[in-house]
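First up is the structure itself, then whatever we jot down about it.
Taken together, the values in this text are just the output of simple stated rules run on the coordinates, not laboratory data. None of these values were measured; they are calculated from a predicted model. Because the Cβ atoms are built from the backbone with ideal geometry, glycine has one as well, and the counts that use them run over all protein chains shown.
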Amino acid sequence: MKLKFSIISLTSCSGCISALISLDIFEDFLEKVDLVYFPFIMDEKRIEECDVFLIEGCVIDDEQIKLLKQIRRKARKVVAFGTCAAFGGILNLSEDINGEPISNYIEIDGIIPGCPPPLKILGNSLINLLENKKIVLPEKNLCYDCPLKENIQKNFEISIDELMDEGYKTEKVIPKCFLEKNILCLGPITRAGCDCSCIKLGIPCEGCMGPLKQDYTSTIINFLSLLNLSDDLRKYKSIFFRFSKPNL
Amino acid sequence: MGKVIDIEPLTRLEGHGKLTIKLTDDEKVDKVMFSITSTRFFEKFLEGRPMEQAPRITPRICGICPVPHHLASSKAVDDAWGLKIPKTAEKLRRLMINAKQISSHALHFFALAAPDLIFGPTADPAIRNVVGIIKKKPEWGLNALEIMKIAQLFIKDYAGKAIHPMNSLPGGVARPLPEEIRDRYLKKMDRLVELTLWTVDLAKTVVNHYLDVIKTLGVTELYNVGIANNGVHDIYDGTIRVMDPKGKIVEDTKPQEYMNFLGEYVTSYSLATHIFYKPVGYPDGIWDGGPLPMLNVADKMKTPIADKALKELREIVGHPCHMPLVNNWARIVELVEAVERMKELLEDPDICDTDVKLSDVEPREGMGVGCVEAPRGLLIHNYWSDSKGIITKANLIVATNNSVGGEQKVMETLAKQIFEEKILEKIKIPDPIIPT
Ligand code: SF4
Ligand code: SF4
Ligand code: SF4
């Protein structure tokens with residue numbers, strides 16, 4: 001028996017779904033599952049019983065809460081697909097609306113984080129789901145994978161050719177951890193798994209994979225206490241947790 | 001009280017829409033309301049943030065067209081801060097937007113539009129989708145996914161992520177194009193061109209098959225808007241052109257002056273404003289944006305195969321063309337151009353040049369406009385910053401705003417055709433191309 005899958009968007013940009021469709025194993029995935037509800041590409045409008053329900057996007061209104069409860073009754077497993085569904089996501093920058101993670105309203109059986117989830121993480125998670133296993137995610141922070149971390153303590157030249165830095169244009173500079181250069185990087189409080197995409201372009205991490213734990217407020221407080229922030233920076237509240245909303 | 005027909009959710013639409021059609025007692029169409037969620041939250045929360053962050057935040061407005069937002073945003077900051085980016089940086093941005101155009105258009109045509117056209121609009125919804133195409137005509141579905149993936153993976157390999165990339169920033173791009181990536185994708189270009197030409201043929205087959213339907217359904221004469229660079233179709237840069245319903249270009253103006261001729265109308269039922277041509281007023285000046293309007297306002301395409309495709313299209317449906325279903329074909333013409341441009345840019349001898357970013361970018365007070373063509377229509381980002389480079393105000397005119405007014409007009413025409421003229425009983429809908 002093929003597993004029955006459903007995929008829905010709440011308040012989202014559809015980026016997670018786009019990532020899914022462009023996944024190299026998407027055709028295999030279509031072969032292996034029975035897709036029962038996926039309004040993005042299908043006209044089926046009814047929510048049916050299914051094995052796995054992937055939910056993209058955050059929750060902003062009562063209609064969506066009702067829908068979530070309905071989904072929870074129909075689905076054996078509910079997975080928060082993407083950082084919006086898992087942690088609230090980009091709308092956490094807004095003070096007008098409250099974009100909440102779906103887990104504020106229903107019990108969930110796993111998350112596939114990222115904005116959108118990196119292809120490798122997404123592919124592996126789908127395979128896990130197909131094999132009826134738990135989704136396995138990297139349980140380390142981004143710094144752990146970061147090619148710049150070596151320089152935090154030691155001070156020798158590592159030549160990483162893929163790495164750019166503000167000064168690359170004029171001279172060869174030694175790549176250094178952004179924090180050491182006084183540039184905010186959210187690597188320490190962000191889950192690894194994106195292959196350090198931004199860092200490799202010479203851009204600091206903005207935290208789009210979301211935090212490591214669902215309960216991350218204390219981690220953020222610890223991190224903030226380590227930073228000696230300029231007064232200017234203190235003003236822009238959510239630059240430190242652009243994709244999640246700690247209870248500060 | 002007449003009948004009210006609600007269609008919600010609208011499926012296969014990039015965004016979450018709802019269509020309401022109100023009929024009077026004698027089955028006359030009273031009102032058509034098309035509502036779409038908006039971007040005003042983004043405008044609001046950009047305020048008070050360092051302007052250089054905008055290109056990283058705004059792509060999240062739309063996961064189907066993150067690159068156009070990323071670039072319109074970067075261009076707005078460049079403009080506000082008076083930054084003239086290096087030549088190669090512009091080429092690399094163009095490479096990104098063309099690659100994105102390829103994947104978005106391929107996705108739209110195959111996942112969103114083609115299922116109706118290929119299986120026929122009356123087929124069982126359970127198979128009338130891209131999954132059905134893959135099952136019934138595997139080579140069609142797989143070719144489409146292959147086109148999409150080549151382009152999508154290029155953006156990922158070069159710009160960090162395919163969706164919500166971060167490579168473009170004020171003053172240029174973060175990363176030069178590594179030769180290794182250029183070589184890898186150059187090798188794929190012939191295949192991409194081949195797949196695209198096949199798509200053109202498929203589109204032509206579909207159009208010819210449904211020509212009568214296409215020439216009838218929803219035809220609505222509207223103003224059209226799009227970008228052209230000295231009259232030539234261009235999705236990255238140029239002037240904003242407005243064409244009147246008869247085909248005359250009535251505006252050909254720098255994006256910085258958009259406020260002089262672009263009006264925004266706030267409806268009571270949709271969060272997205274309707275855009276109209278100010279000199280004419282609302283609702284007569286409602287304009288439409290997107291692939292077909294882009295072709296309508298252009299004198300020609302930038303590349304040879306696409307230009308030939310444009311001429312063919314004009315021979316069959318005329319110019320200007322106001323048949324909404326031709327958008328699907330127009331999308332393919334734009335797809336061809338994007339593929340040819342991607343190839344040209346990868347072959348450009350300077351494309352791997354490392355001078356891609358200004359090193360002296362200083363935040364300052366200013367106002368800037370960034371305008372590009374997104375797959376669904378004109379996109380404008382407009383920011384104001386204070387002396388520290390903090391955004392004090394942001395105005396976003398997204399593709400949806402530019403086409404939703406027009407789409408609503410088309411829906412009105414359609415609703416009248418269907419409910420009043422009972423057109424579906426009169427025109428003959430041909431047998432589906434793939435019988436179900
Ligand atoms: S997590 Fe990111 S990509 Fe996914 S829906 Fe949210 S904003 Fe879009
Ligand atoms: S803070 Fe950023 S730059 Fe420094 S090691 Fe961590 S991820 Fe790398
Ligand atoms: S480096 Fe940070 S912001 Fe960039 S993709 Fe990874 S988690 Fe997201």
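The mean number of Cβ atoms from other chains found within 10 Å of a Cβ in peptide B:58-71 is 4, as a whole number. The peptide list A:179-190, A:7-18, A:24-35, put in order of mean Cβ contacts within 10 Å with the highest first, becomes A:7-18, A:179-190, A:24-35.
Measuring against 22 Å, Cα to Cα, the residue pairs A:4/B:136; A:120/A:140; A:32/B:187; A:2/A:140; B:149/B:300 contain A:32/B:187; A:2/A:140; B:149/B:300 as the ones spanning a longer distance.
Over region B:44-425, Cα pairs under 8 Å with separation of 6+ residues give a relative contact order of 26 percent. Model label sites at residue B:355 and residue B:257, defined 7 Å from Cα along the beta-carbon direction, differ in position by 3.2 nm.
Our summary of shape: the Cα atoms of region B:44-425 have principal axis extents of 65, 50, 37 Å, ordered from largest down, in whole angstrom. Computed from point charges on the beta carbon alone (+1 for Lys and Arg, -1 for Asp and Glu), the dipole magnitude for region A:6-89 about its Cα centre is near 480 Debye.
Taking every DSSP bridge with both residues inside region A:51-111, close to 10 percent are antiparallel. Relative to the compact-globule estimate of 2.2 N^0.38 Å, the Cα radius of gyration of region B:238-391 comes out at 1.25. With no solvent and one equal point scatterer placed on each C-alpha of region A:1-62, evaluate the Debye formula and give log10 I(q)/I(0) for q = 0.25 Å⁻¹, two decimals. At q = 0.25 Å⁻¹ the computed log10 ratios are -1.21. Distances over 24 Å make up what percent of all Cα-Cα pairs in region B:126-231? Of all Cα-Cα distances in region B:126-231, 53 percent exceed 24 Å.
Per residue of A:14-25, count partner chain C-beta atoms within 10 Å of its C-beta, then hand back the mean as an integer. Per residue, the average neighbour count from other chains is 6.
Please give the residues of region B:208-227, grouped as numeric ranges, whose backbone N is less than 15 Å from a label point set 7 Å along the Cα-to-Cβ vector of residue B:249. The answer is B:224-227, whose backbone nitrogens lie closer than 15 Å to the label point.
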